[in-house]
1. Can you say whether A:Asp72 is surrounded by fewer than 23 Cβ atoms within 10 Å (Cβ to Cβ) and within 30 Å of B:Glu46 (Cα to Cα), as far as the supplied structure shows?
2. Would you check which residues across region A:96-132 are touching a Ser or Thr at 6+ places or on another chain (Cβ under 7 Å) and over 26 Å from B:Gly247 (Cβ atoms) and list them?
3. Any idea which residue in region A:151-199 is least open to solvent (accessible area, probe 1.4 Å), counting only those that are charged (D, E, K, R) and within 9 Å of chain B (Cβ to nearest Cβ)?
4. Taking A:Phe142 as meeting all but one of (1) away from chain B (no Cβ under 11 Å); (2) among the aromatic types (Phe, Trp, Tyr); (3) part of a loop (DSSP other than H, G, I, E, B), write down the number of the exception.
5. Out of everything in region A:75-134 that is surrounded by fewer than 22 Cβ atoms within 10 Å (Cβ to Cβ) and polar (S, T, N, Q), what residue ends up being farthest from A:Gln261 (Cα to Cα)?
6. Within region A:212-285, which helices (runs of 4 or more DSSP H) (wholly inside it) include 3 or more residues that are modelled with pLDDT under 90 and over 19 Å from the mean Cα position of the chain (by Cα)?
7. So B:Ile113 clears everything in (1) more than 28 Å from the chain's Cα centre (by Cα); (2) open to solvent by 30 Å² or more (accessible area, probe 1.4 Å) except one condition, right? Which one?
8. When only residues in region A:27-46 that are of a type in the set (Ser, Thr, Tyr) and in a helix (DSSP H, G or I) count, which is most open to solvent (accessible area, probe 1.4 Å)?
Amino acid sequence: MNPGTAPRPWRRRSGTPWLYLAPALVVLGGLLGYPIYQLGLISLFHYTQAQVSGGEPTRFEGLGNYAALFRDEQFWQVLLATVGFAAACVVCTLAVGCALAVLLTRVRAVPRLALMLAALGAWATPAITGSTVWLFLFDADFGPVNRVLGLGDHSWTYGRFSAFFLVLLEVVWCSFPFVMVTVYAGIRAVPAEVLEAASLDGASQWRVWRSVLAPMLRPILVVVTIQSVIWDFKVFTQIYVMTGGGGIAGQNLVLNVYAYQQAFASSQYSLGAAIGVVMLLILLAVTLGYLRLLRRQGEEL
Amino acid sequence: MNLVRRSARRPGRTAAEATALLTAAVVAFPLYWMVLSAFKPAGEIESDEPRPWTPAPTLDSFRRVFGQQEFGRYFLNSVVVAVAVVIASALIAFLAATAVTRFRFRLRTTLLIMFLVAQMVPVEALTIPLFFMMRDFGQLNTLWSLILPHIAFSLPFAIWMLRGFVKGVPEALEEAAYIDGASRARFLRQILFPLVLPGLVATSVFSFISTWNDFLFAKSFIISDISQSTLPMALLVFYKPDDPDWGGVMAASTVMTIPVLVFFVLVQRRLVSGLGGAVKD
């Protein structure tokens with residue numbers, strides 16, 4: 001750097017940003033972009049154990065894998081279950097998270113700290129340990145839940161819906177804290193004068209929430225909703241561990257686990273890849289919807 | 001906040017505080033049960049009448065966990081992977097976030113949209129191509145096969161989140177630094193970096209958790225050399241769906257959860273203010 005001249009503010013130079021972006025672009029291109037391209041490619045070939053080991057040449061299938069997938073009744077059933085399960089998780093997570101965030105603003109320091117610490121604990125729990133702990137809580141023989149509810153040795157993982165319900169409880173437990181803490185931070189950031197003015201004007205609590213807080217919190221609510229949709233649509237560990245790889249006869253499969261089972265358990269790599277592409281397209285649609293929402297709110301990127 | 005103070009004086013406050021404490025107890029209960037069961041003697045865990053306390057706490061289950069072959073190694077591997085990912089993605093994301101907020105250049109908006117879209121990629125679906133990539137580069141059964149993909153998956157969210165923090169640093173500060181004779185590198189290192197540190201902490205929490213949690217990649221990429229495995233695999237040794245060793249599972253779960261808990265408690269304040277800062281943007 002020439003000592004006589006101070007650097008100009010960055011935005012005027014155009015060459016340098018790429019220097020700062022280079023590491024990110026290399027990593028993302030190599031380990032995200034390229035694998036996505038490969039995923040698409042594999043989904044167009046016939047690719048099973050024989051091809052992987054080099055015993056048979058790979059064969060171009062075109063959209064054959066997709067055709068096979070869409071003809072498969074189980075795929076539609078799994079897709080439906082994935083969407084339904086994710087929707088239920090998102091709704092419950094948001095409801096619990098928002099309700100508790102509001103509750104946090106109404107209590108004194110000690111109960112607030114207690115709830116905050118408990119929530120941080122649930123948030124910090126790794127998905128796999130959370131899964132085993134919840135299974136143990138609901139264990140037919142040794143779990144406390146059946147004792148307290150007087151259910152005898154009822155098995156929660158046997159039935160399709162009760163197994164999904166159990167996984168849902170775990171997912172909500174470990175994901176509501178993100179919503180709660182974020183929404184709480186958002187409420188705290190609303191200037192006190194605004195709320196004061198509203199209550200001076202005689203607005204009821206509900207009215208204040210609906211007409212003042214909710215619009216101000218909307219960007220945050222959008223962010224936590226989108227994050228929840230993405231996370232819950234991709235739940236893997238919980239389903240895999242809690243239902244033993246997808247439940248009895250695959251009754252608790254979701255797309256992620258289904259793709260994994262097809263690829264690694266049945267060596268149907270191309271079919272697994274096709275399922276991956278379908279997931280990718282669904283999440284891409286969600287993202288584009290989110291972007292449009294941001295645009296409409298006039299947010300500058 | 002007036003709304004809060006006013007409602008706090010209402011009779012409803014007691015009910016609200018009772019609800020908060022009760023909820024806290026319910027939310028904390030699984031963790032309590034995990035730690036309690038880890039300390040219960042074997043005979044008591046397998047009792048039909050589980051007790052919410054134990055008269056004879058024992059370290060047997062922990063001994064079994066740590067006695068398991070190379071458990072310490074698994075733990076160390078998990079720490080190495082998580083720390084490497086946290087540091088690398090924080091630094092790379094810091095540079096990238098600086099670039100997209102402090103520079104105006106063509107493709108800037110496109111890049112931002114790409115980072116946003118990258119956040120949504122179902123990484124689990126990429127297990128298949130990544131498996132072949134790691135195989136072709138001879139990286140299966142190495143910690144690199146876990147570290148590298150996790151850096152990539154942590155980056156988009158980290159960049160997106162840090163953007164708000166970098167934006168928040170006034171430009172006047174930057175110009176003042178230059179007038180005082182600082183170079184760009186020096187401004188980046190000594191002024192911008194410390195100022196966005198709370199943001200980096202919040203970001204790191206997310207990359208730490210997603211890496212520490214990883215079960216799928218460890219399961220798929222570490223297939224024959226188990227000395228390169230991570231904690232989730234160690235836990236599964238005790239969890240056999242037909243006949244789980246619950247004491248071992250709970251002890252291993254406790255060992256796996258505590259580092260994250262400690263990390264969370266350490267960064268708690270910064271995490272909450274960090275999220276506040278990121279969402280205000």
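The values are calculated or read from the model by the stated rules, or taken from the named source; none is laboratory data. Fair warning: this is a prediction, and the values are worked out from it, not measured in the lab. Here the Cβ positions follow ideal geometry from the backbone for every residue, glycine too, while neighbour counts run over all protein chains shown. Each accessible area value is taken on the protein alone, full model and side chains, heavy atoms only, with ligands, DNA and RNA left out. Shrake-Rupley method; radii C 1.70, N 1.55, O 1.52, S 1.80 Å.
1. Numbers: surrounded by fewer than 23 Cβ atoms within 10 Å (Cβ to Cβ): yes; within 30 Å of B:Glu46 (Cα to Cα): no.
The answer is no for A:Asp72.
2. Selection gives A:Leu100, A:Leu103, A:Arg106, A:Leu115.
3. Of region A:151-199, the ones charged (D, E, K, R) are A:153, A:160, A:170, A:188, A:193, A:196.
From what is left, the residues that are within 9 Å of chain B (Cβ to nearest Cβ) are A:153, A:170, A:188, A:193, A:196.
Details: A:Asp153: 112, A:Glu170: 1, A:Arg188: 141, A:Glu193: 128, A:Glu196: 81 Å².
Only one residue fits best here, namely A:Glu170.
4. Here A:Phe142 meets the rest and fails (1).
5. Among them, the one singled out is A:Thr105.
6. Numbers: elements: A:214-233, A:237-242, A:255-260.
It comes to A:214-233.
7. Every condition holds for B:Ile113 apart from (1).
8. Top of the filtered list is A:Tyr37.
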